[in-house]
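Take a look at the structure set out below.
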Amino acid sequence: MSGWHKRVESAKLLKKRKFANEVHDTDMVQNRFFYNRNLRFAFLGTLLLFISSCASGRLDPLKPVGQNAKDIDGIMRLSAWMAIAVGLFVGAAVIAVIIKFRVRPGDDPDELPEQIHGNKKAELTWTLIPVVMLLFLAVATIPSVFDLHDKGDGPTIQVTGQQWWWQFSYDLDEDGQSDIITSNEIVIPVGQEVNLEITSNDVIHSFWIPQLNGKKDAVPGRVHHWRISSPVPGIFYGECTEFCGLSHANMQVRAVALEAADYKIWQESQLAKSSIPTGEAAKRGYDLFGVHCISCHVINGVYEGAADGNANLASGVAPNLTHLMSRTSFAGSLFELYNEDQSVNVADLREWVRNAPGQKPSRPENRQGMMSFAEILNGPELDDIVSYLQTLGGKPPLMPS
Ligand code: CUA
């Protein structure tokens, strides 16, 4: 029966069914799927496209850059090659046995081969070989496991997971107070092992920048020590890898590695406090910000008192925006803050301020994500706020390439 006939038959069958309930709906999908060649090809094509997208490079643990990531990659490759060798050996042995001991013409089909059940030599061999292999892997793995938990020579940065973005705090003088608070992008000096103290402000998240190190969970009420390093300047991409609610998939992160001199410049610029803007539109935006935004967002120097009265914590729920423009992305690193020509991505920024839940699934009524201002702010007001936002901080030290 040709594919077309099958489809006609299947359609006739479906017509006979006078009622449609869930079971029949499933049948219909299955029939259509199996009888329709185009659908099958479309499915395979999509699957291939999906698989190939895994190799985009932005989240590629197979291209490690930092030493920690390289250590993990080395162990992964060693165990993969050992597994491949075992797989090949077992596969070849099975084929060899099938060929060598096949039933030949004239053999008695009822005759059993020699039974070796309880053969000590064989039992010992296939017990000892895996034991030796696992011991070998353990010797290669265990030092790295401990090594990855050692304290590094670089600065310590507090990492806090939030629904659905990351906050980074730098306590430069170690007095227990954060001196720099930023979000979405963790800035680190090149060539140093940066110590991370990872925690969470709400649910469990997991911090992962694959080219710099493996994953580390962010658990409320606990501090997990971890470290990252990069031998070269650059921007490295990451994702939250623990399901943390509605916008888990939109909780991205970037590490920006800077040469020592640039890192110092960045640090000094981040210490600067904000002041009231001079431009007319920006000043109007500043006033509007004071009405609508400061119950969640802090801006050091001008709007510090809000956010549960604790400016040091940046806020219970939202990023500190003092140096917003010095980042390359916003909204959990979901959107680029700059266009390719390095102009500000005003369109996305304005739309985000207007209707954040429309851009990124969230539950603002539950303090999970930013609320919508679509019914609160009119067009000119939105423009003014975006004008004000553009005065916050200097340009990013590195732009994505
Ligand atoms: Cu945070 Cu998933």
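Among residues of the stretch 62-84 that are in contact (Cβ under 8 Å) with a residue 60 or more places away in the chain and farther than 13 Å from Gly214 by Cβ, those with a beta-carbon under 8 Å from a residue that is of a type in the set (Phe, Trp, Tyr) and surrounded by 14 or more Cβ atoms within 10 Å (Cβ to Cβ) at least six positions away or on a different chain give the pairs Val65/Phe236. Residues in the stretch 156-184 that are out of contact with any Asp or Glu (no Cβ under 9 Å at 6 or more places or on another chain) and more than 16 Å from the ligand (Cβ to nearest atom): 5 in all.
Evaluating Leu134 against the criteria (1) out of contact with any Phe, Trp or Tyr (no Cβ under 7 Å at 6 or more places or on another chain); (2) loosely packed, with under 10 Cβ neighbours inside 10 Å leaves one unmet condition, (2). Checking each residue in the stretch 332-351 for being in contact (Cβ under 8 Å) with a residue 24 or more places away in the chain and of a type in the set (Asp, Glu) picks out only Glu336. The lone criterion from (1) more than 30 Å from Lys360 (Cα to Cα); (2) within 16 Å of the ligand (Cβ to nearest atom); (3) not hydroxyl-bearing (Ser, Thr, Tyr) left unmet by Met251 is number (1).
Scan the stretch 292-299 and give yes if some residue there is over 21 Å from Val346 (Cβ atoms) and among the small types (Gly, Ala, Ser), otherwise no. Yes, some residue in the stretch 292-299 is over 21 Å from Val346 (Cβ atoms) and among the small types (Gly, Ala, Ser). Every test in (1) within 30 Å of Pro357 (Cα to Cα); (2) in contact with a Lys or Arg (Cβ under 6 Å, 6 or more places away or on another chain) is passed by Glu193 save one, and that test is (1). Taking first residues from the stretch 284-305 that are closer than 23 Å to Asn366 by Cβ and partners that are among the aromatic types (Phe, Trp, Tyr), the Cβ contacts under 7 Å between residues at least 6 apart in sequence or on separate chains come to His292/Phe373; Ile294/Tyr303.
Screening Trp226 on (1) at pLDDT 95 or above; (2) crowded, with 18+ Cβ neighbours inside 10 Å shows it passes everything except condition (1).
In the set (1) farther than 16 Å from Gly285 by Cα; (2) part of a loop (DSSP other than H, G, I, E, B); (3) not β-branched (Val, Ile, Thr), the condition left unmet by Glu365 is number (2). Across the stretch 212-233, not a single residue is classified as within 16 Å of the ligand (Cβ to nearest atom) and of a type in the set (Ser, Thr, Tyr). Within the stretch 201-215, the residues that satisfy the criterion of being farther than 15 Å from Asp60 by Cα and at pLDDT below 95 are Asn201, Asp202, Val203. The residues of the stretch 207-217 that are touching a residue at least 40 places away in the same chain (Cβ under 8 Å) and either farther than 29 Å from Leu392 by Cα or not in a strand (DSSP E or B) (or both), listed by number, are Ile209, Pro210, Gln211, Leu212, Asn213, Gly214. The condition (being assigned by TED's automatic domain parsing to the domain that holds Met370, touching a Phe, Trp or Tyr at 6+ places or on another chain (Cβ under 8 Å) and more than 26 Å from Leu334 (Cβ to Cβ)) is satisfied by just one residue among Asp179, Asp171: Asp179. Counting only helices (runs of 4 or more DSSP H) that sit completely within the stretch 1-113, those holding 3 or more residues that are modelled with pLDDT of 70 or more correspond to 37-52, 67-100. Among the residues of this structure, Glu242 counts as one that is outside the structural domain of Val65 (by TED's automatic domain parsing) and within 16 Å of the ligand (Cβ to nearest atom).
The values are calculated or read from the model by the stated rules, or taken from the named source; none is laboratory data. The structure presented is a predicted model; accordingly, all values stated were derived computationally and were not measured. All Cβ positions, even for glycine, are placed from backbone atoms using ideal geometry, and neighbour counts span all protein chains on display.
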